[in-house]
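All remarks here apply to the structure that follows.
The values are calculated or read from the model by the stated rules, or taken from the named source; none is laboratory data. The model shown is predicted, which means the values in this text are computed figures rather than measured ones. Note: ideal-geometry Cβ built from the backbone for every residue, glycine included; neighbour counts use all protein chains shown.
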Amino acid sequence: MSETTDKTFQRDFYSQFQTTSDNNDQQELALDIRKLRKNLTDAIGFLPAYDQRQCRAQMDLLERTLEDIRSTFTSKTKFTFKRKTNVALPSASPVQSHSPLGSQLLEKRDGLLAIATLNKLSSHSHRRLSLHGTTPHRNELSLTALRIHDLKETILILPNVKGSVLLQNLHRCTVIVACHQFRMHNSTGVHVYLAATSNPVIEGCSSIAFAEYPPFVSLLNPSLTEALPPNGGHVNVQDFSHIRQSPSPNWFILPPGSEDWDDILILDDAPSKQIDAILDTHLPDAACSDAA
Amino acid sequence: MGLLTIIRKNRRKEREMRILFLGLDNAGKTTILKKLNDEDITSVSPTFGFNIKTFVHGRYTLNIWDVGGQRTLRPYWRNYFEQTDALVWVVDSCDRSRMDDCKEELYNLLLEDRLAGASLLVFANKQDIPGYMTDKEIEQALNLPGIKSHQWNIISCSAVTGNNLLEGLNWVVSEVASRLYHSTLTDGATVPVSSEKPPIIP
């Protein structure tokens, strides 16, 4: 009974959503959603507690979606208006404003980040984060699990993690990692260079690019790539936010060799002024994470 | 002959238990099962759907259901609640930042009518990784002493090393056995019978 109610809600909404959004008639859509909300309130009496919660959550989602549609609608018109006036400006300017030059470089040298400090690395906007050690520590850097959250505009070069990697809330980042299991939640505009023994999973993500693990990392530090999982696993991404037959719109594959990493290798010799510029070329386009 | 006697007799013939493995994603549910079954754990992918494993453990046949823990899959958990004898809640002991999330999901389950009466085992997994929370810490973080509706226990374990997994399973089985069959677990190793992986839910 409740199952069917759930499904009816969904079906009704989607069909109405389709027709109304085609007509761009948000007013009508809002009315329908209000009607649906009223139906739900009426039905509360005979729905079990769990279904009530589920339906409420779904209702909230619908209303939020409508809000989103409204906001994108209005912002879109604003955007076209602006573009017309700013058409003469160089295209680089939005990138500059998005990533101010003052943003810090966490490490200048090949420093070892202890695993303890790693725990504290969150809620920051770093430019480059390499977890590769200086020679004496090389053999000690063996991670069995890695969890990173809330990073912006950061290039992460991570060692071969024996266990699972869980990334959360990453925005406009580049991640190079080898691991057993890979999961990424709630992230946008991330390039993932991955070698994994199991299927990588994304959930609540958009504009994610996957590519194979780049060979340059072994030049950076051979210990990083010891016993590397076979390449090619990055194509088997499973998007848990898109459980359908159709291909997920939230991720795509970068062609192999599309990125030239040579400048990362000689980064420490580069003048500090250029470092930001070099790093910027290896981050995903600011536009793609903004749009998401 | 009362109804209860009939039911008991009936179940005694079967000696089956249905155990549900749940927990947040990345907790190690599938890895624990694979390890118990002596399978290769290096190829475990995040579960997209569910797995069923059937073991013979002592005198009992265990039907273990392992459902994926990704956020999108959690609404499907309720499809597996029916006739569950025991709930095994797997926790990643290193995942400090999601303990609240973990507690919330667990408490939502405990409110569920269809899980009323099921024994609850909390597996504090990944105790092989430095920086883990101890079982006592997790007990506090999840406020397990506040659970009055279910028989519960917490056991620290490691799916990778296999440490304490059998102890946990023993507790579950003897707990359910004493409740359903008024008997205890007889000694015996876990013997895998069959395993299958049906396709994904939707």
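Looking at this structure, is B:ASP92 of a type outside the set (Lys, Arg), under 24 Å from B:VAL176 (Cα atoms) and under 16 Å from the mean Cα position of the chain (by Cα)? Working first, answer last.
Numbers: of a type outside the set (Lys, Arg): yes; under 24 Å from B:VAL176 (Cα atoms): no; under 16 Å from the mean Cα position of the chain (by Cα): yes.
Criteria not met by B:ASP92.
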Matching option when the condition is charged (D, E, K, R), touching a residue at least 12 places away in the same chain (Cβ under 8 Å) and within 14 Å of another protein chain (Cβ to nearest Cβ), among B:LYS53, B:LYS29: B:LYS29
Residue check for B:LEU20: over 24 Å from B:MET99 (Cβ atoms), touching a Phe, Trp or Tyr at 6+ places or on another chain (Cβ under 6 Å) and crowded, with 22+ Cβ neighbours inside 10 Å: no
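So, in region B:119-149, of the ones that are in contact (Cβ under 8 Å) with a residue 60 or more places away in the chain and away from chain A (no Cβ under 14 Å), which residue ends up nearest to the chain's Cα centre (by Cα)? Give the derivation first.
Narrowing region B:119-149 to residues in contact (Cβ under 8 Å) with a residue 60 or more places away in the chain: B:119, B:123, B:125-126.
Narrowing the set further to residues that are away from chain A (no Cβ under 14 Å) leaves B:119, B:123.
Working: B:SER119: 9, B:PHE123: 8 Å.
Filtering first and then ranking leaves B:PHE123.
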Residue that is among the polar types (S, T, N, Q), in contact with a Cys (Cβ under 9 Å, 6 or more places away or on another chain) and modelled with pLDDT under 90, where the choices are A:THR225, A:THR188, A:THR197, A:THR174: A:THR197
Selection within region A:178-220 - within 20 Å of A:LEU283 (Cα to Cα), in a loop (DSSP other than H, G, I, E, B) and in contact with a Phe, Trp or Tyr (Cβ under 8 Å, 6 or more places away or on another chain): A:CYS205, A:TYR213, A:PRO214
Selection count where residues are over 9 Å from the mean Cα position of the chain (by Cα) and within 14 Å of chain B (Cβ to nearest Cβ), scope region A:170-194: 7
Qualifying residue in region B:100-110 (condition: assigned to a loop (DSSP other than H, G, I, E, B), in contact with a strand residue (DSSP E or B) (Cβ under 9 Å, 6 or more places away or on another chain) and of a type outside the set (Asp, Glu)): no
Pick from region B:59-84, criterion among the hydroxyl-bearing types (Ser, Thr, Tyr) and within 14 Å of another protein chain (Cβ to nearest Cβ), ranking: nearest to B:SER45 (Cα to Cα): B:THR72
Candidates B:ASP25, B:ASP40, filtered to the one that is of a type outside the set (Ser, Thr, Tyr) and either exposed (fewer than 15 other Cβ atoms within 10 Å of the Cβ) or at positive phi (or both): B:ASP40
Subset of region B:51-72 [touching a Phe, Trp or Tyr at 6+ places or on another chain (Cβ under 7 Å) and either of a type in the set (Ser, Thr, Tyr) or modelled with pLDDT under 90 (or both)]: B:THR72
Any hit, region A:175-186, residues being touching a residue at least 60 places away in the same chain (Cβ under 8 Å), of a type outside the set (Asp, Glu) and crowded, with 24+ Cβ neighbours inside 10 Å: no
So B:LEU109, is it hydrophobic (A, V, I, L, M, F, W, C), touching a residue at least 60 places away in the same chain (Cβ under 8 Å) and away from chain A (no Cβ under 12 Å): no
Failed criterion for A:THR41 (all others in (1) modelled with pLDDT under 75; (2) closer than 28 Å to B:ARG78 by Cβ; (3) out of contact with any helix residue (DSSP H, G or I) (no Cβ under 8 Å at 6 or more places or on another chain) hold): (1)
Residue in region A:203-214 that is within 11 Å of chain B (Cβ to nearest Cβ), surrounded by 20 or more Cβ atoms within 10 Å (Cβ to Cβ) and not aromatic (Phe, Trp, Tyr) present: yes
Within region B:85-106, tally of residues that are more than 14 Å from chain A (Cβ to nearest Cβ) and under 23 Å from B:LYS53 (Cβ atoms): 6
